[in-house]
Amino acid sequence: MQASLYNCPAPAKLNLFLHVTGRRADGYHLLQTVFQLLDRSDTLDFSVRADGRIHRTNDVPGVPEETDLVVRAARLLQTAAGKPHLGADITVHKQLPMGGGLGGGSSDAATTLMVLNHLWQTGLNRTQLMALGLQLGADVPFFLFGRNAFAEGVGEDLVALETANRWFVVIEPGVSVPTAIIFSSEELTRDTKVVRITDFPEAHNLLDSDFGKNDLEVVAAKQFPPVAEAINWLKTYGNARMTGSGACVFCSFEHEHQADEVLKQVPSKWIAWKAKAMQEHPLAQLISS
């Protein structure tokens, strides 16, 4: 059995559009979105333990170990796979902001499921891991799916989609937006018309078109003015949008040098960076279909 793996990536995602099309009886919102993987990520280190203990070795500000999705994912897999004697030391190196809409916590959890499934030799396939991931959060199955996707339902009904090989400028406006606040707002539109995958432009044209929107953006921008300010600033360079429930905003560019030129202009009060689109999760080959 392999004892450890280091620098395991947990990539960011963007929502190229995000429509809220309804609400289930249990309160979960029905969504339609396109998920885009980016080559910017958190990284995690894993070492197998033989005493069954799951231990996060470092402090993650604002995230107690017991409630960390990484720890919860490891324990969920431990139980589901019937491996109570196996544990892990996990170190989480955060680069993605919390409350940013980039899926950082969900991606960390998915990477944990993928890597420990491999290290513990539990033998669960992609479908089984995705079902486990859904218990942790609606975005987790996407990262386990391993490819860019058109998503429906609460985000778990996924169809692979080849997206454009674009560069993105992402701005962190300096606020953390709690997802629950946005989804519970009375001002949130919950009846956007359902679309089919054939309704929106070819994936390579999606970012250059006016198709779609982020239904959560209006609510987040109103409640968190820095989000609105960042969107308005970035819109001078292209079709800027917020990702997820916020707070990060993004704009896409065909060439890296275009992204570099915009980055030079970003006000110093914001953290901003560029990232390239990825078609596949870097750990996708760790698990079987």
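Listing for the model above:
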quantity: Structure-based [θ]222 nm, the chain - -39500 (n - 2.57) summed over DSSP H runs of at least 4, per residue, nearest 500; calculated: -7500 deg cm²/dmol
quantity: Under 5 Å, built H, 5+ apart or other chain: amide partners of Gln95; calculated: Asp42, Thr43
quantity: Highest-fluctuation residue, Val115, Val20, Val195 considered, GNM on the chain with Cα pairs under 10 Å; calculated: Val195
quantity: Nearest-20 debye value, the stretch 56-196 charge dipole, Cβ charges on Lys, Arg, Asp, Glu; calculated: 420 debye
quantity: Among Ala275, Pro11, Leu216 - extreme Cα towards positive end, dipole of the chain, charges at beta-carbon; calculated: Pro11
quantity: Spatially near lysine pairs across the stretch 130-278, Cα under 20 Å, sequence gap of 8 or more or different chains; calculated: 11
quantity: Spherically averaged projected area in nm², based on the convex hull that wraps the Cα atoms of the stretch 1-112; calculated: 8.5 nm²
quantity: Under the Karplus curve 6.51 cos²θ - 1.76 cosθ + 1.60, θ = phi - 60°, whole-Hz ³J(HN,Hα) for the stretch 146-151, x wherever Gly or Pro sits; calculated: x, 9, 4, 7, 8, 10
quantity: Mean Cβ count within 10 Å, highest first, over the residues of peptides 58-70, 30-42, 275-287; calculated: 30-42, 275-287, 58-70
quantity: Full-extension gain in nm, Arg75 to Lys193, via 0.36 nm per residue minus C-alpha separation; calculated: 38.6 nm
quantity: Computed Rg/Rh of the chain, alpha carbon atoms with Kirkwood Rh; calculated: 0.97
quantity: Expected-Rg normalisation [2.2 N^0.38 Å, Cα atoms] applied to the stretch 124-211; calculated: 1.29
quantity: Placed amide H near Glu280: partners under 5 Å, 5+ positions off or other chain; calculated: none
quantity: Computed FRET value (nearest 0.05) for Ala131 with Glu280, which takes r as the C-beta separation and R₀ as 25 Å; calculated: 0.75
quantity: Under 5 Å, built H, 5+ apart or other chain: amide partners of Gly87; calculated: Arg49, Ala50, Asp51, Gly52, Arg53
quantity: Euclidean distance of C-alpha centroids, the stretch 127-206 and the stretch 216-289, integer Å; calculated: 14 Å
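Read-outs: derived from the displayed coordinates by stated rules, not from any lab. As the structure is a computational prediction, the values presented were derived from the model and not from experiment. Note that we place each Cβ from the backbone using ideal geometry, even for glycine, and neighbour counts take in every protein chain shown.
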